[in-house]
Amino acid sequence: MAFFKDFKAFLMKGDIIALATAVVVGAAFNKIVSSVVADIIMPLIGVITGGVDFSQKFISLDGNNYETLDAAKEAEAAVLTYGNVIQAIIYFIIVAFFIFLVLRAYEKTKTKKEAPKVTEPKGASQEQLLTEIRDELRKRNS
């Protein structure tokens, strides 16, 4: 029974609850980011690139020319689908930029802590201390 008690204590730790919450929120945030990228940004990139569908870009390794990627796959040809890599890189850059913007906005909402003011210690000033040392030295030397 100690095993289950320890396991329950482990699950109820604040770190585990925070991690579980972060995973759930992260999954929901991923859907939002994916939708923004797929539904808004990628169509704009399609317009900029003249409607090029990168997912259909490939190189056939068997030396034959195929009209489409589907035709190459149907012929069971070995293909390098470099367009998928390009599309994944574009997607990554867009997602990273989107997350950067969200985190930057979040950081600006945080209240900045004011630096503690440095106050001079109360008591004699440096000039007064030097004068007292001088006077004390004069007394000892005379």
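The values are calculated or read from the model by the stated rules, or taken from the named source; none is laboratory data. Because the structure is predicted, anything quoted here is derived from the model rather than measured. No Cβ is skipped: glycine too gets one built from the backbone with ideal geometry, and neighbour counts run over all protein chains shown. These accessible areas exclude ligands, DNA and RNA; they are computed on the full protein's heavy atoms, side chains included. Shrake-Rupley method; radii C 1.70, N 1.55, O 1.52, S 1.80 Å.
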Summing +1 per Lys or Arg and -1 per Asp or Glu among the other residues with Cβ less than 14 Å from Ala75's Cβ gives -4
For the chain, the accessible surface attributable to carbon and sulfur atoms (probe 1.4 angstrom, ligands and nucleic acids excluded) amounts in percent to 64
GNM on the chain, Cα springs under 10 Å; top mean-square fluctuation among Ala96, Ala78, Ala18 goes to Ala18
Scoring the chain by relative contact order with C-alpha pairs under 8 Å, at least six apart, yields a percentage of 16
Most fluctuating of Leu101, Leu19, Leu80 in the GNM of the chain (C-alpha, under 10 Å) is Leu19
Protection proxy (average C-beta count within 10 Å per residue), highest first, orders 36-42, 2-8, 49-55 as 36-42, 49-55, 2-8
Averaged per residue, the 1.4 Å probe accessible area of region 28-142, protein heavy atoms only, in Å², is roughly 86
Measuring from the longest principal axis of the C-alpha atoms of the chain, the long axis of helix 2-11 (C-alpha) lies at a number of degrees, nearest 10, equal to 90
Classified through the alpha carbon gyration tensor (a ≥ b ≥ c as square roots of its eigenvalues; rounded if a/c is under 1.5, else prolate when a/b is larger than b/c, else oblate), the chain comes out prolate
The distance between the Cα centres of region 73-101 and region 1-53, in whole Å, is 20
In region 25-103, the GluC sites (Glu not before Pro) that sit in a DSSP loop and have at most 14 other Cβ atoms within 10 Å of their own Cβ are Glu67, Glu76
